[in-house]
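Asker: What follows is a structure written as structure tokens; I'll ask about it next.
The values are calculated or read from the model by the stated rules, or taken from the named source; none is laboratory data. Since the model is a prediction, treat every value here as computed from it, not as a measurement. Because the Cβ atoms are built from the backbone with ideal geometry, glycine has one as well, and the counts that use them run over all protein chains shown. The accessibility values were calculated without ligands, DNA or RNA, using every heavy atom of the protein model including side chains. Shrake-Rupley method; radii C 1.70, N 1.55, O 1.52, S 1.80 Å.
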Amino acid sequence: MSNQTRTKREYFEPGAVEASIIAAAASMTGPNDHADWNAQMLMNIREVATMARDWKFRDTVNDLLSEDATPFAAIIRGFEFHESSQRYVIQLESKDKDGPKLEYINTNRVDSDASVDLLMEIIEDDLMGNSVLVYKLVEAKGEKKYRSLGHVKNLGPGDDSEFSDQELEDDLLDHVESIGKAQTGGRRR
């Protein structure tokens with residue numbers, strides 16, 4: 001506790017961080033319709049407050065709020081698991097001034113990020129063929145920079161692909177096979 005004297009009003013009005021923690025804990029606790037609600041709320045406040053101090057959660061927030069995480073629109077066309085990197089490769093179709101193009105973004109490693117499996121279930125069950133906002137994170141390893149998938153936000157059903165199903169499948173497999181070798185960009189039509 002700080003030695004600074006706080007007014008009664010300052011003491012009873014939570015700051016933004018405190019209000020956020022209380023709101024998150026209240027959401028976790030649910031309706032106030034059971035006898036142990038206060039005890040459960042207190043436990044959830046403790047849980048959320050300690051999570052707010054955990055660097056892995058803070059790093060995720062900082063990464064997604066970074067200027068480098070500016071989202072771009074694309075349609076999810078496919079995905080494939082790359083065994084040696086332990087990452088999923090997500091195939092995206094977007095358009096620029098030259099027309100439609102295929103591009104790829106990788107997830108975090110499945111063996112070090114438990115949320116990847118959940119993300120892939122959502123992509124497989126709900127987002128295939130949908131327009132999404134892709135939040136990319138840029139990782140630097142030495143002089144090379146890599147894009148990784150920070151988050152996707154569903155924008156609803158996407159347009160039909162400019163590429164045939166066979167072209168999509170072949171390009172995805174070619175890309176996955178090329179990982180770790182001389183990289184080639186996505187194929188343009």
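Asker: Out of all the residues in the range 23-32, is one or more closer than 28 Å to LEU137 by Cβ and without any contact (Cβ under 8 Å) to a residue 12 or more places away in the chain?
Answerer: Yes - at least one qualifying residue is present in the range 23-32.
Asker: Moving to a separate point now. Which one is surrounded by the most Cβ atoms within 10 Å (Cβ to Cβ) among residues in the range 135-154 that are of a type in the set (A, V, I, L, M), touching a residue at least 24 places away in the same chain (Cβ under 8 Å) and more than 22 Å from ASP174 (Cα to Cα)? Lay out the reasoning, then the answer.
Answerer: Pass one, the range 135-154, residues of a type in the set (A, V, I, L, M): 137-138, 140, 149, 152.
Filter once more, keeping what is touching a residue at least 24 places away in the same chain (Cβ under 8 Å): 137-138, 149, 152.
Of the ones still in play, those that are also more than 22 Å from ASP174 (Cα to Cα) are 137-138, 152.
Details: LEU137: 18, VAL138: 13, VAL152: 21.
Checking each candidate, the answer is VAL152.
Asker: Another question about this same structure. Among the helices (runs of 4 or more DSSP H) lying completely within the range 1-89, list those that include at least 2 residues that are open to solvent by less than 80 Å² (accessible area, probe 1.4 Å) and modelled with pLDDT of 90 or more.
Answerer: 16-29, 37-53
Asker: Condition test on ASP111, is it exposed (fewer than 13 other Cβ atoms within 10 Å of the Cβ), assigned to a helix (DSSP H, G or I) and modelled with pLDDT under 95?
Answerer: no
Asker: Could you check MET128 against (1) open to solvent by less than 70 Å² (accessible area, probe 1.4 Å); (2) under 12 Å from ILE75 (Cα atoms) and say which number it fails?
Answerer: Among (1) open to solvent by less than 70 Å² (accessible area, probe 1.4 Å); (2) under 12 Å from ILE75 (Cα atoms), the lone unmet condition for MET128 is (1).
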